[in-house]
1. Any idea how far apart Asn19 and Asp90 come out in nm if each label point goes 7 Å out from Cα toward Cβ?
2. If you bin every alpha carbon distance in segment 66-116 into 5 Å steps from zero, what whole percent lands in each bin?
3. Cβ under 15 Å from Leu103's Cβ, Leu103 left aside: what net charge do those residues give with Lys, Arg +1 and Asp, Glu -1?
4. Please list, in order, the residues from segment 42-73 whose amide nitrogen is less than 14 Å from a point placed 7 Å along the Cα→Cβ vector of Lys118.
5. According to the Kirkwood expression over distinct Cα-Cα pairs, how big is the hydrodynamic radius of segment 14-139, in Å?
6. With a 1.4 Å probe and every protein chain left in place, work out the accessible area per residue of segment 1-92 in Å², rounded to a whole number.
7. Pick from Ile92, Ile84, Ile34: which residue has the top mean-square fluctuation in a GNM of the chain where Cα pairs under 10 Å get a spring?
8. Just the number, please: carbon plus sulfur as a percent of the accessible area of the chain, 1.4 Å probe, no ligands or DNA/RNA counted.
Amino acid sequence: MDINFADNISLNDYNFLRNSVNWKLLSQRQIENIFKNSAYFTVATVENKPVAMARVITDGGYIYFVADVIVLPEYQGHGIGRMILTNVMDYIKSNLHEGEFALANLMSVKGKETFYEKFGFQRRPNNEFGDGMTQWLVK
């Protein structure tokens, strides 16, 4: 399998990947803002077809949020997710200067926590951090 990487994705392909893992679809306006406001995108393609992606949101200081880590179900288990997350972590590290630190955050899909632990992420709560929390807002 010949895997290539890109730094962007179309609006339709973005929602296609979200749909493939049963995530909520987003409006064109939402996706355009995501593209404009994300610091980093990495997209894996096979035969010019997006099969995986992830993105990073940051304050430019020390907080980085890893979002939308998606691998098409039929491509899971082939190391593509590992390559995508390696790209993300390399991007974050490349923004640090000597002596600086960053806090990388993410929200794992239930059952995928061990994948992220291989990259040094820690489950919450633990001795240092409380529970992560989320809230869906609808208008």
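The values are calculated or read from the model by the stated rules, or taken from the named source; none is laboratory data. Keep in mind that what you see is a predicted model, and the values were worked out from it rather than measured. Here Cβ is always computed from backbone atoms with ideal geometry, including for glycine, and neighbour counts include all displayed protein chains. These accessible areas exclude ligands, DNA and RNA; they are computed on the full protein's heavy atoms, side chains included. Shrake-Rupley method; radii C 1.70, N 1.55, O 1.52, S 1.80 Å.
1. Distance between the two pseudo-spin positions: 3.2 nm.
2. Going out from 0 Å in 5 Å bins, segment 66-116 shows 4, 17, 26, 24, 14, 9, 4, 2, 0 percent.
3. Here the charged neighbours net out to -1.
4. 71
5. 15.9 Å
6. Averaged over the residues of segment 1-92, the accessible area is 53 Å².
7. Residue with maximal mean-square fluctuation among Ile92, Ile84, Ile34: Ile34.
8. Ligands and nucleic acids excluded, carbon and sulfur give 49 percent.
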